[in-house]
Amino acid sequence: MSEAIRFILNAEEVTLGDFGPTETLLDYLRLKRRLTGTKEGCAEGDCGACTVLVGRLTEHGLRYESVNACIRFLGSLHGTHVVTVEHLAGRDGALHPVQQAMVDCHGSQCGFCTPGFVMSLYGLWLSNDAPTRAEIESALQGNLCRCTGYEPIVKAAEQVAANRPSSLFDPLERDRIQIMAKLWSIQSENGTIVVTKDGARSIIPASVAAFAEVLAEEPKATIVAGATDVGLWVTKQMRQLDAVIFINHLTELQSVEVDENGITIGAGVSYSQALDKIADEIPAFGRLIDRIGGQQVRNMGTIGGNIANGSPIGDTPPPLIALGAELTLRTHSGRRTIPLEDFFLSYGKQDRLAGEFVEKVFVPRPRDNSHFAVYKISKRRDEDISALCGAFNLRLDDEGKVASIRIAFGGMAGTPKRASHVEQALLGQAWSWGVISAVRDAFDQDYQPLSDWRASAEYRSLTAKNLLTRFFLETAGQGHELRRFELEEA
Amino acid sequence: MDKSTFTTKPIINGPMHAPLRHDSAHKHVTGTADYIDDIPEPIGTLHMGLGLSDRAHAELVSIDLSAVETAPGVVCVLTGEDIPGFNDVASTGRHDEPLLATKDVQFHGQPIFAVVAETRDQARRAARLARIQYRDLPHWTDIDGARDNGAPLVVEPMVLKRGEPQTEIEKAPLRIQGSMSIGGQEHFYLEGQIALAIPGEDEDIIVWSSTQHPSEVQHMVAHVLGIANNAVEVRTRRMGGGFGGKETQGNHFAALAAVAAKKLKRAVKFRPDRDEDMTVTGKRHDFRVDYDVAFDEDGRIHAVDATYAARCGFSADLSGPVTDRALFHADSSYFYPHVHLTSQPLKTHTVSNTAFRGFGGPQGVLGAERMIEEIAYALGKDPLEIRKLNFYGQQGSDRTATPYHQEVEDNVIARIVEELESSCDYQARRQAIIDFNANSPVIRKGIALTPVKFGISFTMTAYNQAGALVHIYQDGSIHLNHGGTEMGQGLYTKVAQVVADTFQVDIDRVKITATTTGKVPNTSATAASSGSDLNGMAAYDAARQIKERLIDFACRQWEVDRSEVEFLPNRLRIGGEIVPFDTFVRAAYYGRVHLSAAGFYKTPKIHWDREAGRGRPFYYFSYGAACSEVSIDTLTGEYLVDRTDILHDVGRSLNPALDIGQIEGGFVQGMGWLTTEELWWDAKGRLRTHAPSTYKIPLASDRPKEFNVKLAEWSENAEPTIGRSKAVGEPPFVLAISVFEAISMAVASVADYTVCPRLDAPATPERVLMAVERLKQMG
């Protein structure tokens, strides 16, 4: 068993053994390494000023993703390549094309958010030769700028897309082979790592089986996959965590399998990893995922974590429940599979036993003659938490009557919850304007939402009913959802 | 002299009016621009955390800090009793804002004590361990609550009156009374508040502060320490955004860090967490506008009577001048033949509201534009038609007097609006939208073209002064310092362009140095859009003085007439000889020429009598107009901005690239204010939108899908400002009202444009949907 993690920071190999389980990458960079180009703007993964790239080996090779250093714990960096803004410029000080485009387009004013934007744009530049405006905006969803109004930054992204000088110029292209070799070498040292500081432990299990064993021994340990929620327990609530099990590196939990029955998503699959396959199979669900967090959060956060933390405003449970998803929970000695909707017992309480962890979720493929839609309503279109999120899964019989319907909402109750009264009222009825109008008020029996800063109870109730109307109109072939970009543009 | 050693250029790099990039752009993109948190810390630097009230209004019964004091890493804990000078950071001199509360707390989140610890993390953790007993007192957090409770005013209200409004309102053919709520706004500068205090010998102290107003921080630090101003030096190289949020709000952090640093004789850094920053610093004022407008069948305004009530928070801070400026802009671009305007700066148990880009002006304009909407919907006309009918007239017409008795002398609003109306094809698009709406049951569109006329100058006349310091060293390199601060707006670049232009040298020769109270004293806040007007002129004055001495020297040394000395790019022509600038400067040094000068500028012509409500508070006006088109979803209230066109007047631009940046950025920030940015307090008086997770400023995907911004290239300031330019910081913010009114028109479509939607701000999806529902029931 090792007592240190190993990773690469820019051009340097690092072995790190003296850190606590809640120490963040941002503090390490700024306080310990004096790499001050990476800024702290919010310490909760919402502004992007701390954006860095983290490279890791995947089935598709070495892949770099933008992440928020402020909520990324050091324990999650084993076997990765961390790239900060200091690594971009050439050895002679010449600006990287991404940086040059930002200068040329007047993309910085106060400059504080700029290194984060540069890193997000760099992540996009590495992965996309010709991004559309939709893709640029998607890549920038996790970066706030208060000065420029964004127009010059988007122009910089467009300008630089085609500008690809010699690959020798780009540090990650130039060193790709060596970096991969180093990461392979780090990963080949099998064995669980435990780093202890002041009695608090970061546990990095070598395999899922090892994870199950550790969890059986320490059922109270905090499981951290993406840290997009747990990160805030630390930076905002200042919680002490004595034992943290990091699972983001466990590729066994990161498979997305598609077969004729549906999609099986491992608990460690990030939103970004899941996006393509989900979008292919269930386009409406894919569009929702593009509106969860910013790119950095989607690169870190997992669908498994979104389920496991039990939040009533998590965005994936409503569509998953409406689709009839099944959850598999695992311990060191076995597994059980339950309907996802049964997992959420009450506010803050889930059906997860001691020593159990979420292993995967199976999403049945919607049947051919069915209609599926999911609508997220938030104050701001992107990178916002839902005021409410509703999903509808309808199948009509040959006579145009409702053969089956599943409706699930988040933000309307203490847990993600089905609208069973509405469903009952619709079942067997003609799918018609008259029926829809008559059934709307049944939502009041299903949900008594709260008022808070995201929306009032009145708005939530009214909008839930109106979303049924929108769904009806859409099944009748009329698109009525505002979309910034049409699908073919995206 | 050997003329082959340099090449001649027809023009310098970086003259005035050139679209130069921001001087720090290269450093921004490489992460090498140092903000205060990036400066290497002196050995032994300590860190601070804040202990905050968790009551909105209460007497402090007991404060037990024993657990805080014994927490790991804690070096000391400061309460109000530990302030050596005055426990007060009220920028107004009213002594209504304690640095640390001692007897009572007046808002949820008010600082009660500060912790100094070895690390920031330790200070933050320790601050949570206090045990404080309170005796609750009645509290109110909003304008309704303040009115219901007969709340006091934080400053004397202002009244503007011209003509006979009461009689004329009664006499006019038509009259509408109404009310509008306008929300506040969090600055959300990306770099939070921060100060680094480094103690020196005797009473000396240096404070690096992220402030728009180094002189005020200097005075506050001296005030709380009980020492003279000359012992305190405040430095600011750059801020990561300010927007007014660092005009007075940096005082707290600088003062506390200074107290701790002097007490402990160690450097102390104070950087609050984002949530604390948003909790303990003031915001844009929320307003309630109660209006009574009288007009005729054509839509021409006869008289206006309006009250602008504001949520000021627990202390005055800048609420006086902010609510004043709301009244100064309650006319937008319109002539009110008879008018009566009153401000009502209400005390509330919330954080003390403060400066924010526009400084009350945008709220004033929004109230005026609501009245225009009322008239338009009542008469079944296009609001733009009503606007044009009511614009101020040209000089010589009898329609140039403002409610504050200043004549509008430089009016270009009609031309701006006409050009934009034509270039953005407003009329055809409006008709197309009306046609679209007639056939679209769920998605509705709206379009609006709104004007801006913004008064430029601090309304406090004394603030309209500035200083600068220019040195030329023996190698010909130039050192530039002035009282303005750099927060991203490009002020340093613009002022450097002025100096480069004056000496006709490339701008790389001009070193821009951090603002410091030690070089230029008694400065004003970099605020009120005045930065380049004031500091540009002051720097010009300094450079001009040196230039005069250089010309005198050239005349003496070369024995030529003044007319034979000419500053060419990077060189001089003296008689028949061409001399490189640096060669010439070295010669001047040996000729014992004083190569340093302090410059000064004060804005001419302005004066203001607040009691009488009369004067000329503004040197000139900046103008602009925007046309925005939106789509809304009448089932959910969601919306998108499809297109915005802007034509804006910056006079003869000092730097068109930077000015367009200010316009685009100001517009989007204004859009945030009027759409998604909502501040929400709970029943306990606690602000629950105190982080980017809960407070939503615009993202890249919120900006208009098509965004066309142009400067009015024909414009020149009628007044002799620096290069005949105009101020640009605040006016474009107001352009965002076009988005708000376009949403309003889309809502109005559900009642066939016959009912004014009376949309309140911000127009969140919720407010939009609720307005749609209201109109559906009326229409």
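Worth pointing out:
- For the range A:240-280: rounded, prolate or oblate by the Cα gyration tensor [a/c cutoff 1.5]: prolate
- Members of A:LYS376/B:LYS269; B:LYS519/B:LYS605; A:LYS379/B:LYS776; A:LYS155/B:LYS547 lying beyond 31 Å, as alpha-carbon distances in this model show: A:LYS376/B:LYS269; A:LYS155/B:LYS547
- Cβ charges +1 (Lys, Arg) and -1 (Asp, Glu), total dipole of chain A, debye: 800 debye
- Taking the DSSP bridge list for chain A and keeping only pairs wholly inside it, about 90 percent are antiparallel.
- Take B:61-71, B:203-213 and order them by the average number of nearby Cβ atoms within 10 Å per residue, most first; the result is B:203-213, B:61-71.
- For the range A:254-475, the relative contact order comes to 18 percent (Cα pairs under 8 Å, sequence separation of at least 6).
- Beta bridges per DSSP, both residues in the range B:474-582: antiparallel share near 75 percent.
- For B:ALA67, net neighbour charge (Lys/Arg +1, Asp/Glu -1) across residues whose Cβ lies under 13 Å away: +1
- Entry note, the range B:643-752: relative contact order of 47 percent, from Cα contacts under 8 Å with a spacing of 6+ residues.
- Inter-chain neighbour count for A:97-104: the average number of beta-carbon atoms from partner chains within 10 Å of each residue's beta-carbon is 3.
- Nearest-20 debye value, chain B charge dipole, Cβ charges on Lys, Arg, Asp, Glu: 1000 debye
- Placing unit charges on each Cβ (+1 for Lys and Arg, -1 for Asp and Glu) gives the protein assembly as shown a dipole about its Cα centre, and among B:LEU78, B:ALA683, A:PRO339 the Cα reaching farthest toward its positive end belongs to B:LEU78.
- When only Cα pairs below 8 angstrom with a gap of at least 6 residues are kept, chain B shows a relative contact order of 15 percent.
- Cβ-defined net charge surrounding B:PRO214, 12 Å radius [Lys, Arg +1; Asp, Glu -1]: 0
- Helix-only mean residue ellipticity at 222 nm for chain A, each DSSP H run of n ≥ 4 adding -39500 (n - 2.57), per residue, nearest 500: -8000 deg cm²/dmol
- Distance in nm between pseudo-label sites at B:THR119 and B:ASP296 (7 Å out along the Cβ direction from Cα): 7.5 nm
- The A:ASN163 and B:GLU69 beta-carbon pair, evaluated with R₀ = 51 Å, returns a calculated FRET efficiency of approximately 0.30.
- Toward the positive end of the charge dipole of the protein assembly as shown, with +1 on the Cβ of Lys and Arg and -1 on the Cβ of Asp and Glu, the farthest Cα among B:ILE301, A:GLY304, A:VAL361 is that of A:GLY304.
- Cα-based shape type of the range B:253-334, given that a ≥ b ≥ c are square roots of the gyration tensor eigenvalues and the cut on a/c is 1.5: prolate
- Calculated FRET efficiency for the pair B:LYS684/B:ALA462, C-beta based, R₀ 45 Å, to 0.05: 0.65
- Most to least packed among B:99-110, A:365-376, A:44-55, B:279-290 [average Cβ atoms within 10 Å]: A:44-55, B:279-290, B:99-110, A:365-376
- Listed peptides B:383-393, B:87-97 appear in the order B:383-393, B:87-97 once ranked by packing, highest mean of other Cβ atoms within 10 Å at the front.
- Prolate/oblate/rounded label for the protein assembly as shown (Cα gyration tensor, a/c 1.5): oblate
- Share, in percent, of DSSP beta bridges within chain B that are antiparallel, nearest 5: 80 percent
- Within the protein assembly as shown: Cβ-based charge dipole about Cα centre, in debye rounded to nearest 20 (Lys, Arg +1; Asp, Glu -1): 1240 debye
- With a 10 Å cut-off around each Cβ of A:256-264, the average count of Cβ atoms from other chains is 0.
- By the rule of a C-alpha distance below 19 Å, with chain neighbours fewer than 8 residues away ignored, the aspartates and glutamates paired with B:LYS9 are B:ASP501, B:ASP506, B:ASP508, B:GLU566, B:GLU577, B:ASP582.
- Dipole orientation for the protein assembly as shown: of the candidates B:TYR540, B:GLN662, B:PHE618, B:TYR540 has the Cα lying most toward the positive pole (charges on Cβ; Lys, Arg +1; Asp, Glu -1).
- Inter-chain shielding of B:112-122 (mean C-beta neighbours from other protein chains, 10 Å cut-off): 1
- Hydrophobic long helices, here whole DSSP H runs in chain B with Kyte-Doolittle means of at least 0.0 and Cα atoms spread over 24 Å or more along the helix axis, are found at B:361-379, B:656-674.
- Other residues whose C-beta falls under 11 angstrom from the C-beta of B:GLY575 contribute a net charge of -4, scoring Lys and Arg +1 and Asp and Glu -1.
- Of the trypsin sites (Lys or Arg not before Pro) in the range A:211-271, those whose Cβ has at most 14 other Cβ within 10 Å and which sit in DSSP loop: A:LYS220, A:ARG239
Computed from the coordinates by the stated procedures, all read-outs in this text should not be read as laboratory data. Computed from a predicted structure; not experimentally measured. Cβ coordinates were reconstructed from backbone atoms using ideal geometry, including for glycine residues, and neighbour counts include every protein chain displayed.
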